[in-house]
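Participant: Have a look at the structure that comes next, please.
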Amino acid sequence: MAKDISLKQVVTYWPLYFFVVPSALLVATFSYFPAGSAIYHSAFRWNGNTIKIFIGAANFQKALGTPLYWILTLLVTMTMIYQSQKKTTFATTMKMVCGLGMPLLNLIVLFRIRPPENILVGPMLLTALIWAGIWFFLRWRMDNDSELRGVVTFFCFMLGGSAALTSMGLEGNFAWSVTNLIAGLFLWFAVGKKGKVFKLDGMRIGQSLIGVGIFVWSLAQNAGGEVALWSGFSVIATLVVANLVKMIPSITTAVVVNRLKSEAANYWYRVLFVVPMIIPGMVYLLLWKFFFESGGLFNLVLRKTGIMHLIYVYDFWSENGIFIGLNEAAKMSMGDVLNAASTAAPAWLGSPELVLPAFIIWGFPWVGVVGVLIYLAGLQSIDQAIYEAADLDGVGAFGKFMNIELPLILTQVRINLVLMIIGTLQMYGMILILFGDAGGPNGKMMVPGLLMFRSAFVEGYAGYACSIGLILFFLILVLTEINNRFVRVEK
């Protein structure tokens, strides 16, 4: 707790403040001065050296497009965030407008600009069946009175519905708008009239925030800004969602290690998770690059396990043309497809269609060393009396996780979530090492951080790079505020 210090005490003990001055100077020199310089130079056409011409907001207009749209969108977004948890009539109306109006407006605009084409029913049914299985399994493992059953249904419907519609051939933004609008109509008008509904207001807030995000994304695609910047943000959005899923193995591993009865085994498992931290990151990167080569271990595993055959059959059936060209597929039988899969060696890091899935698979089984240790620290602080009470009530292993362990480590989950979002948005070093400043095949992995690096050090547009950095800063700020507001820790 902060302690008030009187002016008399400051005068008396003023020599002690000299111990703070070196640290304050270092922070100001290496943190605040570069940030202030970036803010200043974002208003200039600057090459990082001698050329510096004041151009006002031109750099931001080049990146974002029409500025008026973005000002209005920023006002709507911030109003939505700060009104989301209030119970007033204005806050409820705001949430309903964002949740229903924005996806509906998005659908109308997208339908007029780019109407759907080439609808594929088969892949949609398969994707929907997979997500229905995931939903059924999660619901089956939960207690009938669990407050998370409704939340699981909502997120499975949002993710599964959008994935199914995308597999039909619909544009991703269009698919998310349809799914979000259906979820909004159900949450605002159908739910709550019968039976008991858990976490209803939270699901409505989540649906409204998704509606705002969809609208912002449509605006980014059609406001006339930097195409490479916003295609990079689409890659980042995909990686953020993938990294959210990748947090699950780390949490699961920490729970399993924490439940070990033997203290010696618990200790040695912690040691084993610390050992990989001494391996240089460059070695780790080069190993995975070797795995993804055409003749590497990854393709060998896929062929030996039969997964490659399933991938080729699905690609042939869905007519995606990723592994088998459409012209070749028209002349092939199912036997030809299976034979081709037996000798297949796709270049995962050399194909525009495969490089992003390769980055998602990268690091499998996704057990983060630091994440496991952070979760373990939170789990070991839980009082054993809580577990004993759960045992007396007959709570199973999964019930203990959902009702005891997960709620009590949400502080650690929130910390890792913020760090993950910041790290993913700022990521570009690994892409730069693997592909150079071109961003991979056809620039598919040209993320905002790499575009900022390329603009400053290759093309000589350091002022424009500063403006991209500020856009990243404000986006991280908004996402961190959303995380702090909605990832609640209730113990």
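Here's the yes/no breakdown for (1) in the same structural domain as Pro441 (by TED's automatic domain parsing); (2) buried (at least 17 other Cβ atoms within 10 Å of the Cβ):
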{"position": "His309", "(1), (2)": "no, yes"}
{"position": "Val313", "(1), (2)": "no, no"}
{"position": "Asn320", "(1), (2)": "no, yes"}
{"position": "Leu326", "(1), (2)": "no, no"}
{"position": "Lys331", "(1), (2)": "no, no"}
{"position": "Met334", "(1), (2)": "no, no"}
{"position": "Leu338", "(1), (2)": "no, no"}
{"position": "Ala341", "(1), (2)": "no, yes"}
{"position": "Leu354", "(1), (2)": "yes, yes"}
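Participant: Here's another thing I want to ask about it. State which residue pairs qualify: first residue at positive phi and inside the range 437-457, second residue of a type in the set (Val, Ile, Thr) in any location, beta carbons under 6 Å apart, and separation of 6 or more residues or different chains.
Facilitator: Once the first residue is at positive phi and sits in the range 437-457, its partners that are of a type in the set (Val, Ile, Thr) give Gly440/Val355.
Participant: If Glu147 satisfies every condition in (1) at pLDDT below 85; (2) over 23 Å from Met80 (Cβ atoms); (3) surrounded by 17 or more Cβ atoms within 10 Å (Cβ to Cβ) but one, which is the exception?
Facilitator: Going through the list (1) at pLDDT below 85; (2) over 23 Å from Met80 (Cβ atoms); (3) surrounded by 17 or more Cβ atoms within 10 Å (Cβ to Cβ), Glu147 breaks only (3).
Okay, residues lined up against (1) of a type outside the set (Lys, Arg); (2) loosely packed, with under 11 Cβ neighbours inside 10 Å; (3) closer than 30 Å to Gly213 by Cβ:
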position	(1), (2), (3)
Val11	yes, yes, no
Tyr17	yes, yes, no
Trp46	yes, no, no
Ile55	yes, no, no
Ala58	yes, no, yes
Thr73	yes, no, yes
Thr88	yes, yes, yes
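The values are calculated or read from the model by the stated rules, or taken from the named source; none is laboratory data. Keep in mind the model is a prediction, meaning the values are calculated, not measured. Neighbour counts run over all protein chains shown; Cβ positions are idealised from the backbone, glycine included.
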